[in-house]
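Data first, discussion second: the structure below is written as structure tokens.
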């Protein structure tokens with residue numbers, strides 16, 4: 001029964017996006033809601049930028065349509081409280097999705113000041129952390145640390161929301177990149193929650209996953225439509241919620257190898273590309289003395305483009321890197337959580353270093369001699 005529900009969730013979101021996107025593209029072109037080529041733009045033609053509308057709508061429609069709680073299986077007050085917790089979290093997720101969606105769509109159409117977007121991110125994070133109590137309560141064995149104080153938990157959780165949401169916004173610079181990385185994350189988290197027998201969180205992951213797979217039909221190179229901020233912010237919010245819920249999932253409810261697989265390590269591996277690229281780009285901008293939210297061409301995917309890779313080859317390289325990192329995290333399940341995290345981080349650093357060295361060598365050989 002659970003498998004059927006998840007299949008319906010995924011298929012519904014996929015079909016809605018598949019059949020509604022062509023009409024959205026026509027409307028966007030008629031109303032001139034598109035992005036024009038520029039000095040810092042990779043694309044060389046006008047492309048509609050409001051694809052996030054259909055990602056948001058299909059995900060919310062599918063998740064709400066098939067959202068189901070079986071009250072007949074409730075046997076005690078504890079299980080009843082869990083049901084009410086699911087309903088409460090559902091309301092808060094929808095509320096924050098709506099808020100970030102409208103902030104994103106405004107930015108896609110007429111632009112929004114970075115400080116205003118940051119305020120919206122902080123507000124959404126505070127709602128989820130303080131009102132919904134969706135927060136990271138500890139490091140779960142990383143660096144031998146388990147529980148952390150409440151104030152540190154709130155700060156870490158809020159910081160996580162802001163970083164993850166902005167990370168997906170920042171990597172949306174190549175056709176199919178943010179959508180594909182988001183799809184991989186949804187499938188990884190959704191599969192984890194299936195094995196954890198949590199149909200509600202798995203449904204949320206598969207609803208977004210179906211929407212992104214449908215969107216990739218139109219967003220894979222050459223892209224016919226971009227997701228814009230309305231899409232990337234929606235993706236970042238949902239994936240961040242799934243990440244924190246996975247990290248905080250009770251170990252006693254898990255079976256198979258899941259109790260031995262470090263949850264923070266698995267989450268970092270799944271989100272390795274957006275996290276690594278965001279950390280790298282913020283560090284470079286800070287060292288250059290510019291705003292971390294200023295635009296440039298220093299992202300990792302720009303390095304691939306500068307090396308002569310086209311959009312398809314670039315995103316396939318990133319997808320492969322993402323999947324390999326997830327595989328390393330799973331293979332390291334017998335290890336101590338700290339060693340497993342170190343293995344994941346070292347692999348990411350090594351790959352980024354190889355890419356940077358190749359870029360420098362290419363730049364040196366292609367520059368004209370003085």
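The values are calculated or read from the model by the stated rules, or taken from the named source; none is laboratory data. From a predicted model like this one, the values you see are computed outputs, not experimental measurements. Positions of Cβ are generated from backbone atoms using ideal geometry, with glycine treated the same way; all protein chains shown enter the neighbour counts.
A few notes on this one:
- Which numbered condition residue 143 misses (of (1) surrounded by 14 or more Cβ atoms within 10 Å (Cβ to Cβ); (2) part of a helix (DSSP H, G or I); (3) out of contact with any strand residue (DSSP E or B) (no Cβ under 9 Å at 6 or more places or on another chain)): (1)
- Taking segment 211-227 as the range and being within 21 Å of residue 271 (Cβ to Cβ), part of a helix (DSSP H, G or I) and touching a residue at least 60 places away in the same chain (Cβ under 8 Å) as the test, the residues that pass are 211, 212, 213, 215, 219.
- Which numbered condition residue 151 fails, given (1) over 14 Å from the mean Cα position of the chain (by Cα); (2) modelled with pLDDT under 95; (3) buried (at least 19 other Cβ atoms within 10 Å of the Cβ); (4) in a helix (DSSP H, G or I): (3)
- Only one entry in 141, 182, 190 is modelled with pLDDT under 95 and either farther than 25 Å from residue 49 by Cα or under 15 Å from the mean Cα position of the chain (by Cα) (or both), namely 141.
- Extreme residue, modelled with the lowest pLDDT, among residues of segment 254-281 that are over 16 Å from residue 322 (Cβ atoms) and assigned to a helix (DSSP H, G or I): 281
- Scanning segment 296-308 for residues that are in a loop (DSSP other than H, G, I, E, B) and either on the phi > 0 side of the Ramachandran plot or exposed (fewer than 15 other Cβ atoms within 10 Å of the Cβ) (or both), we see that the one that is modelled with the highest pLDDT is 308.
- Single residue of 350, 323 found to be surrounded by fewer than 16 Cβ atoms within 10 Å (Cβ to Cβ), on the phi < 0 side of the Ramachandran plot, assigned to a helix (DSSP H, G or I) and in contact (Cβ under 8 Å) with a residue 60 or more places away in the chain: 323
- Scanning segment 278-295 for residues that are in contact (Cβ under 8 Å) with a residue 60 or more places away in the chain and closer than 15 Å to residue 356 by Cβ yields a count of 2.
The rows are residues; the columns are (1) more than 30 Å from residue 147 (Cβ to Cβ); (2) within 16 Å of the chain's Cα centre (by Cα).
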position	(1), (2)
208	yes, yes
215	yes, yes
222	yes, no
235	yes, yes
252	no, no
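- The set of residues from segment 53-87 being part of a helix (DSSP H, G or I), surrounded by 10 or more Cβ atoms within 10 Å (Cβ to Cβ) and at pLDDT below 85 comprises 79, 80, 81, 82, 83, 84, 85, 86.
- Taking the listed residues 168, 101, 159, the one that is surrounded by fewer than 24 Cβ atoms within 10 Å (Cβ to Cβ) and under 30 Å from residue 2 (Cα atoms) is 101, with no other qualifying.
- For segment 326-341, the candidate set comprises residues that are under 19 Å from the mean Cα position of the chain (by Cα) and surrounded by 15 or more Cβ atoms within 10 Å (Cβ to Cβ); within that set, the residue that is farthest from residue 360 (Cα to Cα) is 329.
- Being touching a helix residue (DSSP H, G or I) at 6+ places or on another chain (Cβ under 8 Å), at pLDDT 90 or above and under 30 Å from residue 223 (Cβ atoms) is not true of residue 293.
- Segment 330-347: number of residues that are farther than 19 Å from residue 277 by Cα and either touching a residue at least 24 places away in the same chain (Cβ under 8 Å) or part of a helix (DSSP H, G or I) (or both): 10
- Residue check, residue 284 farther than 21 Å from residue 86 by Cα, more than 15 Å from the chain's Cα centre (by Cα), outside any helix (DSSP H, G or I) and at pLDDT below 95: no
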